[in-house]
1. Can you tell me which residues in the stretch A:360-379 are of a type in the set (Gly, Ala, Ser) and surrounded by 21 or more Cβ atoms within 10 Å (Cβ to Cβ)?
2. Considering only residues that are of a type in the set (Gly, Ala, Ser) and either at pLDDT below 95 or in a loop (DSSP other than H, G, I, E, B) (or both), which ones fall in the stretch A:110-133?
3. Go through (1) modelled with pLDDT under 85; (2) within 30 Å of B:Ile527 (Cβ to Cβ) for B:Leu106 and report which single condition fails.
4. When the residues of the stretch B:100-119 are filtered to those that are over 16 Å from B:Ala140 (Cα atoms) and touching a residue at least 24 places away in the same chain (Cβ under 8 Å), which remaining residue is most open to solvent (accessible area, probe 1.4 Å)?
5. Which ones in the stretch B:153-174 are within 25 Å of the chain's Cα centre (by Cα) and not in a loop (DSSP other than H, G, I, E, B)?
6. So, of the residues in the stretch B:435-454 that are open to solvent by 10 Å² or more (accessible area, probe 1.4 Å) and among the hydrophobic types (A, V, I, L, M, F, W, C), which turns out to be farthest from the other protein chains (Cβ to nearest Cβ)?
7. For the stretch B:44-99, name all the residues that are open to solvent by less than 10 Å² (accessible area, probe 1.4 Å), polar (S, T, N, Q) and part of a loop (DSSP other than H, G, I, E, B).
8. Could you tell me whether any residue of the stretch B:134-146 is of a type in the set (Lys, Arg), outside any loop (DSSP other than H, G, I, E, B) and touching a helix residue (DSSP H, G or I) at 6+ places or on another chain (Cβ under 9 Å)?
2 protein chains.
Amino acid sequence: MHVAHGNMGKYVVNDDLVTSVNGRLTALRDAIARAGADGFVVPRADEYLGEYVPPSGERLSWLTGFTGSAGLAIVLADRAAVFTDGRYTTQVAQQTDPALWERRHLTDEPPAGWLKRYAAGRRVGYDPRLHPQAALDRLAASGVTLVPLDANPVDAVWIDRPAAPTAPAEPWPDAFAGLTSAEKREATAAVLRADGHGAAVLADAHSVAWLLNMRGGDLDHTPLALASAILRDGGAVELFMDPAKAGPALREALGDAVTIRPRDALAGALAGLRGTTVRIDPEATPAWYAETLRAAGATVAAAPDPVRLPRARKTKAEQDGSRAAHHRDACAMARFLRWFSEEAPHGELTELSVASHLLAFRRAGDRFRAEAFPAIAGAGEHGAIIHYRATPASDRAVHANEPFLIDSGAQYLDGTTDVTRTLWTGPDAPPAELRTRYTLVLRGMVALAATRFPQGVAGPHLDAIARRPLWEAGLDYDHGTGHGVGAFLSVHEGPAAFSRHAANVPLEEGMILSDEPGFYLPGAYGIRIENLLLVRADAHAKGSRPWLRFETLTLVPFERALIDADALAPTERAWIDAYHARVLVEIGPGLDGPTTEWLRRACAPLS
Amino acid sequence: MHVAHGNMGKYVVNDDLVTSVNGRLTALRDAIARAGADGFVVPRADEYLGEYVPPSGERLSWLTGFTGSAGLAIVLADRAAVFTDGRYTTQVAQQTDPALWERRHLTDEPPAGWLKRYAAGRRVGYDPRLHPQAALDRLAASGVTLVPLDANPVDAVWIDRPAAPTAPAEPWPDAFAGLTSAEKREATAAVLRADGHGAAVLADAHSVAWLLNMRGGDLDHTPLALASAILRDGGAVELFMDPAKAGPALREALGDAVTIRPRDALAGALAGLRGTTVRIDPEATPAWYAETLRAAGATVAAAPDPVRLPRARKTKAEQDGSRAAHHRDACAMARFLRWFSEEAPHGELTELSVASHLLAFRRAGDRFRAEAFPAIAGAGEHGAIIHYRATPASDRAVHANEPFLIDSGAQYLDGTTDVTRTLWTGPDAPPAELRTRYTLVLRGMVALAATRFPQGVAGPHLDAIARRPLWEAGLDYDHGTGHGVGAFLSVHEGPAAFSRHAANVPLEEGMILSDEPGFYLPGAYGIRIENLLLVRADAHAKGSRPWLRFETLTLVPFERALIDADALAPTERAWIDAYHARVLVEIGPGLDGPTTEWLRRACAPLS
């Protein structure tokens, strides 16, 4: 899945909803006034600050009608604006009422400037549970007075708000995790002790899931139980989530060192940390935590989430699980690709039918739990929309003789997958320009996958390696080359990424990242090729420093019709032939006869 | 010149000096006690914080005997330590007395830890004119009390201290600079006005030199007049330097808007900024400035030196000047390389004789002013010492049939050069392993030089491109790939660099950087190949975003005997052949007949 993507949202224009938004905005303005403020800021995030938000946390969508994955609304008494980025310009215009909402660009016309212009000298409220301090600091630069409100006025007027999700939380077997929760808690507590921190707040539900070997079903695409936690330097944990979610299996797995408490006990628990130095990740924690701790007389120590790096370094068991999940995913992809190659030339498929067939092939595999994100299935010009999601309104026929981009992934109990292939529907040969550009993208993907490097190198230092074949032709793509991927957890995981804009976090053994260069010609077609890579130790290099290399986890053939073999260097051709040979050997035996035959042709050496 | 290098120092062990150091240390301890402190920190930097220090500023060397370019001493009543980095482990051991000085590693055993251990609870003095605030903050983490001392106790006991340099300061002609000083002052003042700063402190003499189109002779290798300045937001400048340095030509060039004042007027001038917001670069300014300003009631605004980026973006005239300087430098290098190729196989040269011949060839060219740094001339195993400098003590014969590394550069009135070539003395063919590795280094150098990229890409993102051929073989080099280079100014110039450790400063048109990958086998040989690159606009790329490419400024043939042409990709071979053809066309006509003949052979297409 593409690195710039968040939740693709539903992107459905609901006339009833747009009509009722007027009433919602009026009611919210009354509530803001009752709270003694002149305005209010509504972010897209909920109190976990994650990429996905359950329906009960979709305040921005409820208020404005806009369902995209990134945005912010500001409501004043006399005007209101929705801020989104360039991916959502069209969508926000279709989904919001221009009589109520100004539409602004999040970075070109930032909220701070809008506030400075229209709210100078006024008191603008915010819900401190929904904003990290860094975001508030940017807003505060406007010179308006930002006022934390104890009660969120949106919640006060959101009459038909869905209930918070209450899917059961389950233990994730130690056999998949590779470390028991007790081992993880002790190792993390040791970090706190070494840093002189008496406790750490884990506001990120992913961190809680990792630390406690716990998974859940509160979100569609990430197997999370929404929860936060306080870890003490002795290893004890208070877990804040609806106790009804925790059945006997989870309670037994967590044991005595983990106390489950309802969410509304959180404020009191923080207040109980008076006199303690409490570690908080300022990038990933709502401002409310630090405010509450300081008010209670605790000392707040800003430091990275102690679980973030250990979570990114997959254990041996997690690596094995990911390999097994990728094997099953590759079998489903092979069946899907064979099916597509037979059906697509007839011109009777649609984007949605393709996506649902792919999902059906995946569902048939063991340990499948969910799509890791809504599949991006873009025919022809839709492939150029990097965050495209087919809907009944946008769905179109897949024509013969056009490119088709399919970016999809799955959550298996033992691992998370994410793969993109750009296909040619046929039956005729593709145009030369498309083959040329597909081959440039493929060469970049291969160059990065084949890179060996000494320890200390970070993702931002390798991003250009995937771009260089395109750069030589004066072409580029406007997104990062790859993102971290979780172990039966979020398909987008920090802190490492192949991106100029990512932090310089050195790559380490066990990290899993996507390698997905692309090229997009708006209105015409999009190309993206994505494999997942596992960072491994490289024993063959000279010198005393440890070296690293990548193991490719994804085992899905490339589109032969789009490869211009004459444009490949001998080493590139050898890499692709070896990859295809490996796919055939590893995946072929698990397939039915006709699919094996198809795979044999798909994986033959390039001629 | 290699990026990790500073001043190579003299590296001469002077027995008299070592003996007298005992007395110096005793005298300093008395002076520290008289100043009411329990210890004192002696950095290598002087008050300009630059790479080179005049003899009058060599406090660290005077006190300890250590002449390297990076170090710090801390003197307590009962113990004292010198801290240096891995480049200087051997040198510091030879130059300092172990009875007086502990030798510590600057990063592995940092000064803050040593202070914590041996000076807990004590008052350790420092001279606030010699440390940027960031460095003091690191020391302060030790928990000792750091005490700024008005008078430096080293200066109090340094009886035979050389006088500060008083070389004449001269105007640098506008025809070379491309912008008049008045234009630069107005443009920089406009930045201050836009940022709401009433004035800026320029503590870096390079910034002063750039802003005022002024050059001087206070240092051996950089044409600097040591000076600092205060720029007002109206464009007026107070220039703080010995007024005796400024002759009538400079005074006329500077005009009425620049007032020359003696150094001891600086404190008073800062105090006169009461009520003004004064911009200071916290990385490049001694702490004393901000302390003095705050004490006087000025507001200190931390922001980058406003001149740093404009200085890095060379004007059209500076680019033309650099091309002309590189042309002359290439003629000198061609004469040198021909001479070397004829003499080296006889085995009668020494490292020092080679370096002095090269200097003589350069001196014969127009507008030559000085070596840009002491040449690194390393035969055989000396080539593996990245910061090697031949001295009478280390000088050795250049043998037949060995590699020879020569890294050198020059200051010409119109530009600064820096070039490294690794040569084979002959007459026999080199060993296969050496050719293989030379070719890997050359491929990396060429790959970076040939890279085109969209605006926004920074040096740290391109560093890996030069390493990748070596990485494929499990090899690497332990230094950055390249540094910025000034225009008749410092050969090491920020802020852009091809290095993982550099800041993410996007490359811009007009910047000049070195491209110098290498490989070093300690005890055996070193390989480094260095060209300078000029960042240019690339008009041929697709899309709306501006693209950039590199123009290679250095025009010196590579060592044919060390190139394994069979290991080159066709595009790499084509690049090298085209480069050599260009060298012959551009440099050949300026040479005598026999040298032209030699160059013709050196630049023939690879067979």
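1. So in the stretch A:360-379, the residues of a type in the set (Gly, Ala, Ser) come out as A:360, A:364-365, A:370, A:372, A:375, A:377-379.
Hits for the stretch A:360-379 are A:Ala372, A:Ala375, A:Ala377, A:Gly378, A:Ala379.
2. Of the residues in the stretch A:110-133, the ones of a type in the set (Gly, Ala, Ser) are A:112-113, A:119-121, A:125.
Within the stretch A:110-133, A:Ala112, A:Gly113, A:Ala119, A:Ala120, A:Gly121 qualify.
3. Of everything listed in (1) modelled with pLDDT under 85; (2) within 30 Å of B:Ile527 (Cβ to Cβ), B:Leu106 misses just condition (1).
4. B:Leu100
5. B:Ala169, B:Glu170, B:Pro171, B:Asp174
6. Looking only at the stretch B:435-454, we keep the residues that are open to solvent by 10 Å² or more (accessible area, probe 1.4 Å), and these are B:435-437, B:440, B:443, B:447, B:450, B:452.
Narrowing further to those that are among the hydrophobic types (A, V, I, L, M, F, W, C): B:440, B:447, B:450.
On the way: B:Leu440: 12, B:Ala447: 8, B:Ala450: 8 Å.
This residue is B:Leu440.
7. B:Thr96
8. Within the stretch B:134-146, the first condition is being of a type in the set (Lys, Arg), and the residues that meet it are B:138.
This time we only want the ones that are outside any loop (DSSP other than H, G, I, E, B), so: B:138.
Next cut, touching a helix residue (DSSP H, G or I) at 6+ places or on another chain (Cβ under 9 Å) only: B:138.
Yes, because at least one residue in the stretch B:134-146 is of a type in the set (Lys, Arg), outside any loop (DSSP other than H, G, I, E, B) and touching a helix residue (DSSP H, G or I) at 6+ places or on another chain (Cβ under 9 Å).
The values are calculated or read from the model by the stated rules, or taken from the named source; none is laboratory data. This one's a predicted model, so the numbers in the text were calculated from it and none came from an experiment. Every residue, glycine among them, receives a Cβ derived from its backbone with ideal geometry; neighbour counts consider all protein chains shown. The area values use the complete protein model at the heavy-atom level, side chains included, leaving out ligands, DNA and RNA. Shrake-Rupley method; radii C 1.70, N 1.55, O 1.52, S 1.80 Å.
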